[in-house]
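One structure is given below, encoded as structure tokens.
The values are calculated or read from the model by the stated rules, or taken from the named source; none is laboratory data. Remember, it's a predicted structure, so these values are computed and weren't measured experimentally. Glycine also receives a Cβ, built like all others from the backbone with ideal geometry; neighbour counts cover every protein chain displayed. We work out accessible area using only protein heavy atoms, side chains counted, and drop any ligands, DNA or RNA first. Shrake-Rupley method; radii C 1.70, N 1.55, O 1.52, S 1.80 Å.
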Amino acid sequence: MPTLTTSAPLARHTMAYVLAGGRGSRLMELTDRRAKPAVFFGGKSRIIDFALSNALNSGIRHIGVATQYKAHSLIRHLQRGWNFFRPERNESFDILPASQRVSEDMWYAGTADAVFQNIDIIESYAPERLIILAGDHIYKMDYELMLQQHVEQGADVTIGCFVAPRLESTGFGVMGVDETDRIVSFLEKPKDPPGIPGDPDQALASMGIYVFDAGLLFDQLRRDAADPHSSHDFGKDLIPYLVKHGKAVAHRFEQSCVRSSVEAEVYWRDVGTVDAYWQANIDLTDVVPALDLYDRDWPIWTYGEITPPAKFVHDDDGRRGQAVDALVSGGCIVSGSAVRRSLLFTGVHVHSYCHVEGAVILPYVDVARSARLSNVVVDRGVKIPEGLVVGEDPDLDAQRFHRTESGICLITQPMIDRLANC
């Protein structure tokens, strides 16, 4: 884990502002009823829990979360799992839905506008700095180290970034930097990303993490809000303006990535597609996964639902309740079936004679007898009918479910209902 300096923590005078209003349309039907930050991950968490846990573990005690798209599931999770902040300890946790506070006909118009519309609420806490976070990525990071760099270098904005192959960075905001990592250009989703000085085949891609001094940010937000030609977005408007007119500095993720003794790589994932979401969850079933969720020094906080222990029953040939290379959450019952290289969220019930492999099964799914599921993501509460086979006939799977090019099938209850009506 990174070593902090001996100076007073800057995090105690910083507010974390999490942008959690996006749908995440590339997750297809998984976000039909919930925003991307509210999508389940890792057996019991939601995606947003990683950014929030990083803030809490870094020492930040003032947090705001801006919500917009189909926010009920997200807001309910935040109310249940993040309600332990206490004002008498100088702590705060604000859920900030788009509520037309600036104009009766105006929701959040962009990421910068989602902060601008709540300036009065933020100012009431008098933070010295703000760290703006995307609520839809999986990683562990000590924000205190990024805050220290921001102050030591006297930056107007410090941007978190990770090193990625240059030709694979076209889907991100990419920074051109000089030899000191001062940002000289910031391009949103460029077709030809700039390389890193001395390493032209690599690029610095934005993590959607920005540190500002509070007063400077408020001034910039007000300036941007008054610009009729702006889209009021950090990546498209505010950041390019500060790169041109101020001092913008890159903070490399490897300098503040939190790793336990068993984590070998610098881990950051955008689980924004069905394939990426499936892979990141399935990777957790590895003997030594790249992301250590068992690290007690940097816990991932979430809503702790009260459930009984997982249960495995029957020990007959052909009807043996077992799970191998799998994560099985509380409240699950595996009854006379084999579960391999899979992740079962809370309350999943797999009935007898099933075979489940390469499956990410969200909470309270019921898998009826004799089903065979391979390489699937099953949405919350789905009732898999008896004898259903998925993952063995690509053409049939594509007719019935959302099947990706790599062969992962996303299964939702409306898809199952259509089968019953055929």
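Checking the conditions here, which among ALA280, ALA323, ALA290, ALA359 is touching a residue at least 24 places away in the same chain (Cβ under 8 Å), small (Gly, Ala, Ser) and outside any loop (DSSP other than H, G, I, E, B)?
ALA280
Restricting to segment 16-42, what's the tally of residues that are hydroxyl-bearing (Ser, Thr, Tyr) and surrounded by fewer than 24 Cβ atoms within 10 Å (Cβ to Cβ)?
To start, the set of residues in segment 16-42 that are hydroxyl-bearing (Ser, Thr, Tyr) comprises 17, 25, 31.
Then drop every residue that is not surrounded by fewer than 24 Cβ atoms within 10 Å (Cβ to Cβ), which leaves 25, 31.
Adding up the residues that qualify gives 2.
Does any residue in segment 146-166 that is over 20 Å from GLY59 (Cα atoms) come within less than 7 Å, Cβ to Cβ, of a residue that is buried (at least 19 other Cβ atoms within 10 Å of the Cβ) and among the polar types (S, T, N, Q) six or more places away or on a different chain, and which pairs are these?
If the second residue must be buried (at least 19 other Cβ atoms within 10 Å of the Cβ) and among the polar types (S, T, N, Q), the pairs left are CYS161/SER206.
Kindly indicate which of GLY381, GLY347 is surrounded by fewer than 18 Cβ atoms within 10 Å (Cβ to Cβ) and in contact with a Phe, Trp or Tyr (Cβ under 9 Å, 6 or more places away or on another chain). Working first, answer last.
Details: GLY347 fails: surrounded by fewer than 18 Cβ atoms within 10 Å (Cβ to Cβ).
After ruling out the rest, the residue left standing is GLY381.
Among the residues of segment 32-42, how many are under 21 Å from ASP283 (Cβ atoms) and either among the hydroxyl-bearing types (Ser, Thr, Tyr) or part of a loop (DSSP other than H, G, I, E, B) (or both)?
2
Can you name the condition, by its number, that SER329 falls short on among (1) touching a Ser or Thr at 6+ places or on another chain (Cβ under 9 Å); (2) open to solvent by 50 Å² or more (accessible area, probe 1.4 Å)?
For SER329, the exception is condition (2).
I'm told LEU187 meets every condition in (1) open to solvent by 10 Å² or more (accessible area, probe 1.4 Å); (2) in contact (Cβ under 8 Å) with a residue 60 or more places away in the chain; (3) of a type outside the set (S, T, N, Q) except one. Can you identify the failing condition by its number?
(2)
Which numbered condition trips up HIS13, out of (1) within 27 Å of ASP237 (Cα to Cα); (2) within 20 Å of the chain's Cα centre (by Cα); (3) at pLDDT 95 or above?
(2)
Which pairs turn up if I take residues in segment 411-422 that are crowded, with 16+ Cβ neighbours inside 10 Å and look for partners that are of a type in the set (Phe, Trp, Tyr) with beta carbon separation below 8 Å, at least 6 apart in sequence or on another chain?
What qualifies is ILE411/PHE401; MET415/PHE401.
Determine whether segment 138-148 contains at least one residue that is closer than 17 Å to GLY64 by Cα, modelled with pLDDT of 95 or more and out of contact with any Pro (no Cβ under 6 Å at 6 or more places or on another chain).
Yes - at least one qualifying residue is present in segment 138-148.
Is segment 75-85 home to any residue that is open to solvent by less than 60 Å² (accessible area, probe 1.4 Å), in a loop (DSSP other than H, G, I, E, B) and at positive phi? Talk me through it step by step, then tell me what you get.
Residues of segment 75-85 that are open to solvent by less than 60 Å² (accessible area, probe 1.4 Å), as a first pass: 75, 77-78, 81-82, 85.
With the extra rule that they be in a loop (DSSP other than H, G, I, E, B), the set shrinks to 82, 85.
Checking the rest, the ones that are also at positive phi come to none.
Looking through segment 75-85, none of the residues is open to solvent by less than 60 Å² (accessible area, probe 1.4 Å), in a loop (DSSP other than H, G, I, E, B) and at positive phi.
I'm told ARG320 meets every condition in (1) open to solvent by 30 Å² or more (accessible area, probe 1.4 Å); (2) out of contact with any Cys (no Cβ under 9 Å at 6 or more places or on another chain); (3) closer than 30 Å to ILE209 by Cβ; (4) not β-branched (Val, Ile, Thr) except one. Can you identify the failing condition by its number?
Single failed check for ARG320: (3).
For segment 208-259, give me each residue that is at pLDDT below 95 and among the basic types (Lys, Arg).
If the condition is that a residue be at pLDDT below 95 and among the basic types (Lys, Arg), then LYS236 is the only one that fits.
Give me the pairs, please: first residue somewhere in segment 197-218 and without any contact (Cβ under 8 Å) to a residue 60 or more places away in the chain, second residue anywhere and among the basic types (Lys, Arg) and not in a loop (DSSP other than H, G, I, E, B), beta-carbon distance under 7 Å, and either six or more positions apart or on two chains.
ASP201/ARG166; GLN202/ARG166; ALA203/ARG166
Would a scan of segment 293-311 turn up a residue that is in a strand (DSSP E or B) and either modelled with pLDDT of 95 or more or open to solvent by less than 30 Å² (accessible area, probe 1.4 Å) (or both)?
yes
Yes or no, residue by residue, for (1) open to solvent by 20 Å² or more (accessible area, probe 1.4 Å); (2) touching a strand residue (DSSP E or B) at 6+ places or on another chain (Cβ under 7 Å):
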residue: ASP192; (1), (2): yes, no
residue: MET207; (1), (2): no, yes
residue: ASP213; (1), (2): yes, yes
residue: SER230; (1), (2): no, no
residue: LYS244; (1), (2): yes, no
residue: ALA248; (1), (2): no, yes
residue: SER256; (1), (2): no, yes
residue: ASP270; (1), (2): yes, no
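Just to be sure, is ILE121 more than 16 Å from LYS36 (Cβ to Cβ) and open to solvent by less than 20 Å² (accessible area, probe 1.4 Å)?
So ILE121 fails the test.
Could you please let me know if GLY272 is more than 30 Å from SER58 (Cα to Cα), in contact with a Gly (Cβ under 7 Å, 6 or more places away or on another chain) and part of a loop (DSSP other than H, G, I, E, B)? Give the derivation first.
On the way: more than 30 Å from SER58 (Cα to Cα): no; in contact with a Gly (Cβ under 7 Å, 6 or more places away or on another chain): yes; part of a loop (DSSP other than H, G, I, E, B): yes.
Here the answer is no, as GLY272 does not meet what is asked.
For segment 43-64, give me each residue that is farther than 21 Å from TYR143 by Cα and either open to solvent by 10 Å² or more (accessible area, probe 1.4 Å) or outside any loop (DSSP other than H, G, I, E, B) (or both).
Once the filter is applied, which keeps residues that are farther than 21 Å from TYR143 by Cα and either open to solvent by 10 Å² or more (accessible area, probe 1.4 Å) or outside any loop (DSSP other than H, G, I, E, B) (or both), segment 43-64 yields only LYS44.
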